[in-house]
Amino acid sequence: MSFEKARDLLRLADMVMSRHMGVSLAEIEEAFGVSRRTAQRMTRALTDAFPLSVEVVAPKALPDLVHPARRRDFDALP
């Protein structure tokens, strides 16, 4: 991975973590000036680099979101 791509990945991680509802692909496209497919690749790279992240796909009525968050052990809940 090139330095520029690594820097973009860290910038994306910061962007995602600073928003409660995550970031949509459209927001990634706009912020980085990339195509939709590249935005999808960036989200995949983000989930690969941060395996505890969670990718949420919203219903068709809403934009799809990427929302890295800490996984919770729901099995431990009563």
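The values are calculated or read from the model by the stated rules, or taken from the named source; none is laboratory data. If you're wondering where the values come from, they're calculated on a predicted model, not measured in any experiment. All Cβ positions, even for glycine, are placed from backbone atoms using ideal geometry, and neighbour counts span all protein chains on display.
A single member of ARG44, ARG7, ARG19, ARG36 is modelled with pLDDT under 90 and not small (Gly, Ala, Ser), and it is ARG19. Checking the stated criteria, SER24 turns out not to satisfy the condition of being surrounded by fewer than 12 Cβ atoms within 10 Å (Cβ to Cβ) and either over 21 Å from VAL56 (Cβ atoms) or not aliphatic (A, V, I, L, M) (or both).
Quick one: is ALA6 surrounded by fewer than 17 Cβ atoms within 10 Å (Cβ to Cβ), out of contact with any strand residue (DSSP E or B) (no Cβ under 7 Å at 6 or more places or on another chain) and either touching a residue at least 40 places away in the same chain (Cβ under 8 Å) or in a helix (DSSP H, G or I) (or both)?
Values: surrounded by fewer than 17 Cβ atoms within 10 Å (Cβ to Cβ): yes; out of contact with any strand residue (DSSP E or B) (no Cβ under 7 Å at 6 or more places or on another chain): yes; either touching a residue at least 40 places away in the same chain (Cβ under 8 Å) or in a helix (DSSP H, G or I) (or both): yes.
Against the criterion (surrounded by fewer than 17 Cβ atoms within 10 Å (Cβ to Cβ), out of contact with any strand residue (DSSP E or B) (no Cβ under 7 Å at 6 or more places or on another chain) and either touching a residue at least 40 places away in the same chain (Cβ under 8 Å) or in a helix (DSSP H, G or I) (or both)), ALA6 qualifies.
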